[in-house]
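The values are calculated or read from the model by the stated rules, or taken from the named source; none is laboratory data. Since the model is a prediction, treat every value here as computed from it, not as a measurement. Methodologically, a virtual Cβ is constructed for each residue, glycine included, from the backbone with ideal geometry; neighbour enumeration extends over all protein chains shown. Areas reflect the complete protein model, heavy atoms only, side chains present, ligands, DNA and RNA absent. Shrake-Rupley method; radii C 1.70, N 1.55, O 1.52, S 1.80 Å.
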Amino acid sequence: MKENQAAERIKELRRQINEHNYRYHVLDQPVISDLEFDALMKELIELEEQYPHLVTPDSPTQRVGGEPLKEFDTYRHRVPMLGLDNAFELEEVKEFDRRVKRTTGHSYPEYMAELKLDGLAVSLLYREGLFTTGATRGDGYTGEDITANLKTIKQIPLKLNSPVSMEVRGEVFINKEDFQRLNQERIQKGEPPFANPRNAAAGSVRQLDPRIAAARPLKIYLYSLGENKLKVDTHQEALQILEDLHLPVSPHRQLCASVEEITSFCRHWEEKREELPYEIDGIVIKINTFSLQEKMGVTSRTPRWAIAYKFPTPEVETRVKDIEVNVGRTGAITPVAVLYPVHLGGTVVKRASLHNQEVLRQKEVKIGDHVKIRKAGEIIPEVVGVIKEKRTGEEKKFSMPGECPSCRTPVYHLPEEAALRCLNPSCPAQAVERLIHFASRRAMDIEGMGPAVAQSLWEAGLVEDVGDLYYLELHNLIPLERMAEKSARNLLTSIEKSKSNPLYRLIHGLGIRFVGERVSRLLAENFGHLDSVVNADKEELTSIPDIGPRMAYAIEEFFQQEQALKIIEKLRSAGVNFTQPGNEDDNHPEENYSLSGYNFVFTGTLQNFTRDQARTQVEQRGGRVSGSLSSNTDYLVAGENPGSKLEKARSLNVTVLQENDFARLLE
Ligand code: IVH
């Protein structure tokens, strides 16, 4: 075949293959047999082999990318991917509806009710109709670039039927049957099975080798538009647009004109959830009209215009074999029930938290009791209560110990706390827990340093605190039990790599009480350098919105400990990064171009920035600010009393940001 004929045929084959793909994977209405489809693919592959320069990245032959990656690039979300507030009772959904009516002043707001798929959130970016990037949600601000793996999902068109540029968001998941099959295969191959479909989906999209991801039965449904310049007024229209673009959207959704319609949708699916091919854990309820969504606004973590009604968590019965006590990294002593193993929500549960001695007393759990257990927040098993009718009189009462099970120091019951605490700063159990926390994925992300390794490093006397990790050498590690040379080298590489983490990870890793990931970010971003956090007084700390006196006290107290200052010096001498990218003394300026290529215009008065400050913030991130709107403008930031620019922006289809959206974009 001549080249121009081949080019024509290739185009036609791609069109047909995409069409059949859509019919099969999105509509579930194939019109040709698998054999016929394979024949079309085969013809395309052969033609592309003959004319390799005609291969384009959006060709259906290009779904499974080349070589495995070394690691994923990080991906910064331009608009943060927020989570949802949960409602555990239908009464809370009714309260949400009252809140919406009160805040918007609207008596009949419309809602969209959708299934809450239990998978993992991803963002897909299309540029001029081509699928260019896909990322995980990560912490909502930065995720991982998993484009190669998402391209293997056949429901995702590599090329849309219209040259639009937009971001779309949705959930990747695995069907229940596919999950069973996948696990059977894994067991046969001697690989550990996945605990549940969500873990299987998450594990699959995080494969560095796209060929492995391609072999996993991943599915996706999209549930919202992200950043875009489309003219849409309602969520319903947005979903319709996605469907018109042949993107996969769950058909099970309902526009609700009243809270009664919402609650009957919730009840319906609570009953019928087993009939669905995939797992859902609730119903998401969103205000349909975007202008009303804007009126409700967002908090730093969740929108106020949506809520997730979570189905009651399943409970199972088992018996308490024993009760043990655990020492956490802050010295809290928690009772834990050791159980006769039971299946619950896809995992085998062997232990369940009893929280603290107060809860233990209230629930009156004894060794030998029959108990109901469930998963709190779907992850951590907890004892719901004792089935007292099943008691035989043989059960044994358990009392909390008077001393720490690890270091034998007497335990304290601080008056303001429910927990008992071991206050010994050199308690071994606490030290090991601190190492584990420091290395965990959300903190310094040191791969290869799980609980067992942390324990043996401590027992071998190689590390007393997290500062010592940076002075480990190969010859220290090799004699450790279960530490082969290869894993020792890998561990040292991950420790070395963690030195250049942004400051917030380090702050989080230090394990200051009440300071989780979000507060660590606030501290890192506001102070820029660890030394400034160390030296900050209560006033400076509480001047940051969201940091209250209790947190400020804990932070100040933490950095007054000699032990903490010693660790910081060890970290400094080892060359661990103490700065947060995005700040003046940033030593990773390359990470600071999040707004590069974006044009901004401002209107109205901003509350937290002068115009000059706002301009500097944009320019520091590589963006441009101009005085007047044009079709090149990407964002109009509208403060109080916006001028005529607001109208003009709407007519030009320019994205309008409220001040809080703008602030988040800067984050
Ligand atoms: S909307 C700002 N819709 O639930 C709104 N989320 O707990 C954000 N999810 O991270 C999400 N099904 O992964 C939305 N129909 C649906 C969803 C859904 C599942 C997940 C999503 C999100 C999590 C929040």
Practice item. Taking residue 151 as the residue in question, decide whether it is more than 15 Å from the ligand (Cβ to nearest atom), touching a Lys or Arg at 6+ places or on another chain (Cβ under 8 Å) and open to solvent by 30 Å² or more (accessible area, probe 1.4 Å). Key: yes
Exercise for review: Please verify whether the stretch 225-232 includes one or more residues that are touching a Phe, Trp or Tyr at 6+ places or on another chain (Cβ under 8 Å), touching a residue at least 12 places away in the same chain (Cβ under 8 Å), within 23 Å of residue 660 (Cα to Cα) and open to solvent by 20 Å² or more (accessible area, probe 1.4 Å).
Suggested key: yes
Revision key, fill the gap. Residue pairs within 6 Å by beta carbon, gap of at least six or interchain, first lying in the stretch 451-471 and crowded, with 19+ Cβ neighbours inside 10 Å, second at pLDDT 95 or above and not in a helix (DSSP H, G or I), listed first then second, are 457/463; 469/463
**Study point:** Those residues of the stretch 305-319 which are within 12 Å of the ligand (Cβ to nearest atom) and not β-branched (Val, Ile, Thr), in sequence order
**Key:** 305, 306, 308, 309, 310
Point to revise | the stretch 121-148 - residue that is of a type in the set (D, E, K, R) and closer than 23 Å to residue 304 by Cα and, of those, farthest from the ligand (Cβ to nearest atom) | key: 139
**Study point:** Residues of the stretch 295-304 that turn out to be in contact (Cβ under 8 Å) with a residue 40 or more places away in the chain, outside any strand (DSSP E or B), within 13 Å of the ligand (Cβ to nearest atom) and not small (Gly, Ala, Ser), as a count
**Key:** 4
Review point. Which residues, counting only those in the stretch 320-341, are over 30 Å from residue 522 (Cα atoms), over 28 Å from the mean Cα position of the chain (by Cα) and surrounded by 17 or more Cβ atoms within 10 Å (Cβ to Cβ)?
Key: 320, 323, 325, 335, 337, 339
Review point. Of the residues 22, 75, which single one is in contact with a strand residue (DSSP E or B) (Cβ under 6 Å, 6 or more places away or on another chain) and hydroxyl-bearing (Ser, Thr, Tyr)?
Key: 75
Practice item. Report, ordered by the first and then the second residue, all pairs with beta carbons closer than 6 Å, sequence separation of six or more or different chains, a first member in the stretch 487-508 that is under 12 Å from residue 579 (Cβ atoms), and a second member that is of a type in the set (Ser, Thr, Tyr) and assigned to a helix (DSSP H, G or I). Key: 504/520; 507/520
Review point. Under the condition of being free of Cβ contacts under 8 Å to residues at least 60 places away in the same chain and under 23 Å from residue 183 (Cβ atoms), which residue from the stretch 342-372 is most open to solvent (accessible area, probe 1.4 Å)?
Key: 343
Review point. Could you give every pair whose Cβ atoms fall below 9 Å, whose first residue belongs to the stretch 188-199 and is closer than 15 Å to residue 278 by Cα, and whose second residue is assigned to a helix (DSSP H, G or I) and open to solvent by 40 Å² or more (accessible area, probe 1.4 Å), counting only separations of at least 6 or pairs across chains?
Key: 197/176
**Study point:** Top-ranked residue in the stretch 88-120 [being part of a loop (DSSP other than H, G, I, E, B) and within 15 Å of the ligand (Cβ to nearest atom); ranked as farthest from residue 275 (Cα to Cα)]
**Key:** 88
Check your understanding: Which one is nearest to the ligand (Cβ to nearest atom), of the residues in the stretch 235-280 that are open to solvent by 20 Å² or more (accessible area, probe 1.4 Å) and assigned to a strand (DSSP E or B)?
Key -> 253
Practice item. Determine the pairs where a residue that is in contact (Cβ under 8 Å) with a residue 12 or more places away in the chain, located within the stretch 77-105, has a partner that is more than 16 Å from the ligand (Cβ to nearest atom) and of a type in the set (Gly, Ala, Ser) with Cβ atoms under 8 Å apart, the partner being 6 or more residues away or on another chain. Key: 78/594
Practice item. Enumerate the pairs (first residue in the stretch 617-638 and over 14 Å from residue 595 (Cβ atoms); second residue anywhere and polar (S, T, N, Q) and open to solvent by 30 Å² or more (accessible area, probe 1.4 Å)) with beta-carbon separation below 8 Å, excluding pairs fewer than 6 apart on the same chain, so at least 6 apart or on different chains. Key: 632/599; 636/655; 638/658
Point to revise | Failed item, numbered, when residue 145 is tested on (1) in contact with a Phe, Trp or Tyr (Cβ under 6 Å, 6 or more places away or on another chain); (2) open to solvent by less than 20 Å² (accessible area, probe 1.4 Å) | key: (2)
Check your understanding: Can you name every residue in the stretch 167-183 that is within 16 Å of the ligand (Cβ to nearest atom) and either under 17 Å from the mean Cα position of the chain (by Cα) or open to solvent by less than 20 Å² (accessible area, probe 1.4 Å) (or both)?
Key -> 167, 168, 169, 170, 171, 172, 173, 174
Study note, to complete from the structure: Of the listed residues (283, 307), the one being assigned to a strand (DSSP E or B), more than 25 Å from residue 179 (Cα to Cα), open to solvent by less than 30 Å² (accessible area, probe 1.4 Å) and in contact (Cβ under 8 Å) with a residue 60 or more places away in the chain is 307
Exercise for review: Starting from residues that are modelled with pLDDT under 90, in a loop (DSSP other than H, G, I, E, B) and not charged (D, E, K, R), keep the ones in the stretch 402-421 and report whichever is surrounded by the fewest Cβ atoms within 10 Å (Cβ to Cβ).
Suggested key: 415
